[in-house]
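Data block below; observations after.
The values are calculated or read from the model by the stated rules, or taken from the named source; none is laboratory data. What you see is a predicted model; the values in this text were computed from it and never measured. Quick reminder, even Gly has a Cβ in these numbers, built from the backbone with ideal geometry, and neighbours come from all protein chains shown. In case anyone asks, the SASA skips ligands and DNA or RNA and just uses the protein heavy atoms, side chains included. Shrake-Rupley method; radii C 1.70, N 1.55, O 1.52, S 1.80 Å.
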Amino acid sequence: MQLLLIVCRLINIISQTLLSIGNGDTSQALGKRIRELRSRKGWSQEFLAEECGLHRTYLGGIERGLRNPSLNNLAKIARAFGVPLRELFGDGE
């Protein structure tokens, strides 16, 4: 039950983000946010990919907005950063 509530909250956050982004720029905005978080930590794409268990070129595609990552892969990225999943969809404020 608690997991369902968490998933519903996450869907709500993602929906609000999608509405605020608009114009099909969702993948690019997500990629930009991931790149921003990675840069703040001073990590290379290769290092983040290793931390996530993802391939370096796949992660690069996410950052460029060319890939549409699954929820599982987004959770891996958030876990590597040590942030809640919702932090990938906003500025954390």
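Given the criteria at pLDDT 95 or above, of a type in the set (D, E, K, R), surrounded by 15 or more Cβ atoms within 10 Å (Cβ to Cβ) and under 12 Å from the mean Cα position of the chain (by Cα), does Arg67 qualify?
Numbers: at pLDDT 95 or above: no; of a type in the set (D, E, K, R): yes; surrounded by 15 or more Cβ atoms within 10 Å (Cβ to Cβ): yes; under 12 Å from the mean Cα position of the chain (by Cα): yes.
Taking the combined requirement at face value, the residue does not satisfy it.
Using the structure shown, decide if Lys41 is open to solvent by 80 Å² or more (accessible area, probe 1.4 Å) and of a type in the set (Lys, Arg). Show your work before the answer.
Working: open to solvent by 80 Å² or more (accessible area, probe 1.4 Å): yes; of a type in the set (Lys, Arg): yes.
Spelling it out, Lys41 is indeed open to solvent by 80 Å² or more (accessible area, probe 1.4 Å) and of a type in the set (Lys, Arg).
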